[in-house]
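Engineer: Input: one structure, supplied below.
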Amino acid sequence: MQSLGQAIVTDSISGGKLWTPTMLRIGYDLIGPLQNAISRSRGGWEITGETDFNKFNLIAEFGNEHFDYGDNATYHYRSDGNYFRLGFDYNMIPRDEFGSELFFGFRYATGNFDETLTGVTNVFQWGSGYMDEKNSNVSATWLEFTAGMRAKVWKQLYMGYTLRLKVAPDLKGEQNLETYRIPGYGLYSKPNFWSINYYVAWKFSFRQKYTKIKKIKEE
């Protein structure tokens, strides 16, 4: 008499081929458009691309962010620029049958932005007086530690979030104005800064990395 044994997970490919990418996933951050919809003072967009190497995902992220501060009648501050991140995530559940992920990772980030401040100021950041200053094409770098999850919701559609701890911001370029906010990072005055992104993404699969094989045992 035969009966089905417990299903086990084995590699459909082995050895060095586990490091050959099996998919490309393209995503879009929903936080920026939401900010655009509810406030004119802050917004932007971000796209992501990732592929897998065994339990690691190589991640590239590119975005734009703008920030406006002030009442326009007396003073106005604006920061606007692009940023780029490159890094990896380590997937802690690589054999999930739906392809969902629970991960932590690392990013190196860089960006370029412009800042302007005009009007009569009386705020803690710049003091009092009339100002008409601009920082043009300032470059910034920083590091990020990430954690989050991605879940399959329908066919090849995934949704998930990424928590970010951003540290060690560094600026280069001529500065006539003390930098207030870095697009993609946050407040320059803070040596570490938390943020969250919520993504929707589509996965283009090349092949399966893992398969389920049912073993039969005899009684």
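Engineer: Amide H neighbours of PHE53 under 5 Å, counting only residues 5+ apart in sequence or on other chains, H built in-plane at 1.01 Å?
Structural biologist: Residues meeting the amide H criterion: LEU58.
Engineer: If you don't mind, there's one more thing I want to ask. Is there a pair in LYS152/LYS190; LYS134/LYS166; LYS17/LYS203; LYS17/LYS190 whose C-alpha atoms are over 32 Å apart, and which pairs would that be? Before the final figure, lay out each step's value.
Structural biologist: Details: LYS152/LYS190 35 Å; LYS134/LYS166 25 Å; LYS17/LYS203 20 Å; LYS17/LYS190 43 Å.
Violating the 32 Å Cα-Cα cut-off are LYS152/LYS190; LYS17/LYS190.
None of the figures in this text is laboratory data; all of them are computed from the coordinates on show. Computed from a predicted model, the values in this text were never measured in an experiment.
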